[in-house]
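Trainee: Next up is a structure, given as structure tokens.
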Amino acid sequence: MHKNGILEVDSPLGVIRIVVSVPDRGSGQSHDAEPPLMAVETTAGLARLGDPVELLRAQTPSELRRLCADPSIDLVLLDRLDIAETVDMLAEIQNAGPPSVVILLDGAEEESLTAFRAGASDCVYFGPEFERVLPVVLLEQVRGWRVHRQRLVSEQRIRRLEDLNSAIVTEMPMAMVVLDPDGLIVAENSEFTRMFPPR
């Protein structure tokens, strides 16, 4: 069910935020008009994710880059764009952005190789099994991305704590030493070194 741009379903993961790009087949619409429609089959595949899905639209590489700057974006879905458009869009998120899934027409093996070379995380063919396969691929990518993001956050926290610990040890105005569980010195400040010079 659609409500304020969100497909509502039960939620073990919480809201999944997906940036979607679909082809604009020269409908003659002005820039302020409604964006091109997503295929019914793609909408049905997204509804099978089992989580609420918030869809954000990006029709240009610059729109995609702007949206993907938001760290809460879980996935980019490029739905049957021309391969040149796909490559341009993938160039905006390479190495730094969320995973990208490219939907290709059934049998477009050459385009899938091009998409992978351009940085696509996965490709799904628009064929008989599309509605069943799409949610499986998307959930796998979202879960992997969330684990990756959480690991990065944890690593940043650890680095900040290590920096804080180092600053405390080195800047303390009194002699201070840090010992490991075996009693070996792992860090000392300059005041400790001054009071107890190495021999």
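The values are calculated or read from the model by the stated rules, or taken from the named source; none is laboratory data. A quick note: this is a predicted structure, and the numbers were derived from the prediction, not measured. Reconstructed Cβ throughout: ideal geometry from the backbone, glycine too, with neighbour counts over all protein chains shown. Remember, those area values only see protein heavy atoms, side chains included, never the ligands or the DNA or RNA. Shrake-Rupley method; radii C 1.70, N 1.55, O 1.52, S 1.80 Å.
Trainee: If you check LEU161, LEU134, LEU184, which single one turns out to be at pLDDT 85 or above and within 37 Å of the chain's Cα centre (by Cα)?
Mentor: Only one candidate passes the filter, namely LEU134.
Trainee: Take region 167-199 and flag every residue that is touching a helix residue (DSSP H, G or I) at 6+ places or on another chain (Cβ under 9 Å) and either part of a loop (DSSP other than H, G, I, E, B) or under 30 Å from VAL76 (Cα atoms) (or both).
Mentor: Hits for region 167-199 are MET172, PRO173, MET174, ALA175, MET176, ASN189.
Trainee: Answer yes if at least one residue in region 147-166 is in contact with a helix residue (DSSP H, G or I) (Cβ under 8 Å, 6 or more places away or on another chain) and either among the basic types (Lys, Arg) or open to solvent by 50 Å² or more (accessible area, probe 1.4 Å) (or both), and no otherwise.
Mentor: Within region 147-166, not a single residue is in contact with a helix residue (DSSP H, G or I) (Cβ under 8 Å, 6 or more places away or on another chain) and either among the basic types (Lys, Arg) or open to solvent by 50 Å² or more (accessible area, probe 1.4 Å) (or both).
Trainee: Checking the structure you have, find out if any residue of region 100-110 is touching a Lys or Arg at 6+ places or on another chain (Cβ under 8 Å), modelled with pLDDT of 85 or more, surrounded by 14 or more Cβ atoms within 10 Å (Cβ to Cβ) and farther than 13 Å from LEU138 by Cβ.
Mentor: yes
Trainee: Residue check: is GLY119 free of Cβ contacts under 8 Å to residues at least 40 places away in the same chain, open to solvent by less than 40 Å² (accessible area, probe 1.4 Å), more than 23 Å from VAL15 (Cα to Cα) and not in a helix (DSSP H, G or I)?
Mentor: Yes, satisfied.
Trainee: Output the residues belonging to region 71-96 that are farther than 21 Å from GLY45 by Cβ, assigned to a loop (DSSP other than H, G, I, E, B) and touching a Lys or Arg at 6+ places or on another chain (Cβ under 8 Å).
Mentor: PRO71, SER72
Trainee: Open to solvent by less than 40 Å² (accessible area, probe 1.4 Å) and either within 30 Å of LEU77 (Cα to Cα) or assigned to a helix (DSSP H, G or I) (or both): which single residue out of PRO135, PRO128 fits that description?
Mentor: PRO135
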